[in-house]
Structures are given as structure tokens and as C-alpha cells.
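Working notes, structure below.
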Amino acid sequence: MENVQLTVRPLAVEHVDGYVDYITRVPKADAERMGLAVERLPSAANMRSDLEAMLATPVERVRTFMLAWCLNGKAIGHSSLKEIVPGDFGKIHLHMWRADLRGKGFGPRLFCLAALDFYERFKLKRIICEPKADNPMPNRMLQKIGFPLVLTHVAASSELSVVCELNRYAILREIAERFLRIHKE
């Protein structure tokens, strides 16, 4: 990862098109792997206006917040924090928009940067992540980082997901910090 700068920053208007393109153009096989309920997706126009409304909401009133994952300043994915209870809890999701960058080692660092940002921004005590149990990419990544698997259960991980078997990982601040210390840019 020589000459590569990985950062996260709040999703902004200039990232909306990348997000909408990723979600609305996801190949069928990827949607099934992630557990995405394609029939529940709003239109691109509605998704865009919902995102713009979310971006205009003061941070202290949001229930969902998104960070863009950036490679050398360009958005390549995102983490969202949903079901936010400031001072307590949130559920983190992760998506690498660019298929050509998956498996290159960027995801673990970007995920940890996002988790630590969410811990600080919302003064959280705990974060969980619940990928589809048979989706190898996020499960491998979370295990590689060292986050403990605490539960496997059947549920929907978000309002846009199908009911399926999910793995719940405890996203512990100290594990994210340790991973970033050991795996410096």
C-alpha cells in the first residue's frame, strides 16, 4: 500500500452519486451475497433526495450517519451507522463500491477508521456489525481484524435487507485501535 492514503470523512453531496450508483446497480449475485432486498430499494431519485435530506440533518438528530471511505481523496465505499443511540449504541455497515478494490487490503483499515470515528462522534459504548453469515468477504475481514463473533441469528440487518442468517460481531474500540497501530499506512 505504498503511496496510498486511506481516510474516512462524512458522506457529502459530492458522494451521493457514487453511493446511489453502487446501490441501484448492484449485480444480482452481489445483492444475493449481501442479503439486499432489491425489491425494497427506492428509486434512484428518491434515494438521492433521502440522502440529501439526511446530509442536511444536524448530527445530533440523526439515526443514520454515513462516512465515505476514501482512497487518495476519492470515495470508494462507505460505512453507515444505523440505529444510533448517542452515548450508547449503533450498528455499522460496510460497502466497498468498487469491485476492483475488494480484497486489496483497504477494507480493514477503512472499516477501523470508520468505527473509531463513530465511537468518537457519537460517544458510543458499543457498536455491532451483522453481515450475512454466508457472505465471505465481510466475515473474513472482521475475523482478520480480530473482532469477536458473539452471535449467529436470523434477522434482517437493515430496512433494505432480507431476513437471513446473520453473524453478529462486537466492534470493540481497542481492537480497531490495535489493528490501526499494527497496520500503519
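Would it be correct to say that residue 86 is farther than 23 Å from residue 34 by Cα and either among the acidic types (Asp, Glu) or open to solvent by 30 Å² or more (accessible area, probe 1.4 Å) (or both)?
Against the criterion (farther than 23 Å from residue 34 by Cα and either among the acidic types (Asp, Glu) or open to solvent by 30 Å² or more (accessible area, probe 1.4 Å) (or both)), residue 86 qualifies.
Within the range 1-50, work out how many residues are among the hydrophobic types (A, V, I, L, M, F, W, C) and under 19 Å from residue 74 (Cα atoms).
Residues flagged as among the hydrophobic types (A, V, I, L, M, F, W, C) and under 19 Å from residue 74 (Cα atoms) within the range 1-50 amount to 10.
Take the residues of the range 39-66 that are open to solvent by less than 50 Å² (accessible area, probe 1.4 Å) and of a type in the set (S, T, N, Q): which is farthest from the chain's Cα centre (by Cα)?
Looking at residues that are open to solvent by less than 50 Å² (accessible area, probe 1.4 Å) and of a type in the set (S, T, N, Q), I get 57.
Out of the residues in the range 158-177 that are open to solvent by 30 Å² or more (accessible area, probe 1.4 Å) and not aliphatic (A, V, I, L, M), which is nearest to residue 115 (Cα to Cα)?
173
Would you check which residues across the range 139-155 are open to solvent by 50 Å² or more (accessible area, probe 1.4 Å) and among the aromatic types (Phe, Trp, Tyr) and list them?
none
In the range 93-117, what count of residues is obtained for those that are farther than 23 Å from residue 25 by Cβ and surrounded by fewer than 22 Cβ atoms within 10 Å (Cβ to Cβ)?
Within the range 93-117, residues that are farther than 23 Å from residue 25 by Cβ and surrounded by fewer than 22 Cβ atoms within 10 Å (Cβ to Cβ) number 5.
Exactly one condition in (1) open to solvent by 40 Å² or more (accessible area, probe 1.4 Å); (2) of a type in the set (Val, Ile, Thr); (3) free of Cβ contacts under 8 Å to residues at least 40 places away in the same chain; (4) in contact with a strand residue (DSSP E or B) (Cβ under 9 Å, 6 or more places away or on another chain) is false for residue 26; which is it?
(1)
Exactly one of (1) under 10 Å from the mean Cα position of the chain (by Cα); (2) surrounded by 19 or more Cβ atoms within 10 Å (Cβ to Cβ) is unmet by residue 75. Its number?
That leaves (1) as the condition not met.
Report yes if some residue within the range 68-79 is without any contact (Cβ under 8 Å) to a residue 24 or more places away in the chain and in a strand (DSSP E or B); otherwise report no.
yes
Inspect the range 178-185 for any residue being within 27 Å of residue 27 (Cα to Cα), open to solvent by 40 Å² or more (accessible area, probe 1.4 Å) and at pLDDT 95 or above and give the result as yes or no.
no
The values are calculated or read from the model by the stated rules, or taken from the named source; none is laboratory data. Keep in mind the model is a prediction, meaning the values are calculated, not measured. When we count neighbours, we look across all protein chains shown, and the Cβ atoms used for this are built from the backbone with ideal geometry, even at glycine. Just so you know, the surface numbers come from the protein's heavy atoms only, side chains and all, with ligands and any DNA or RNA stripped out. Shrake-Rupley method; radii C 1.70, N 1.55, O 1.52, S 1.80 Å.
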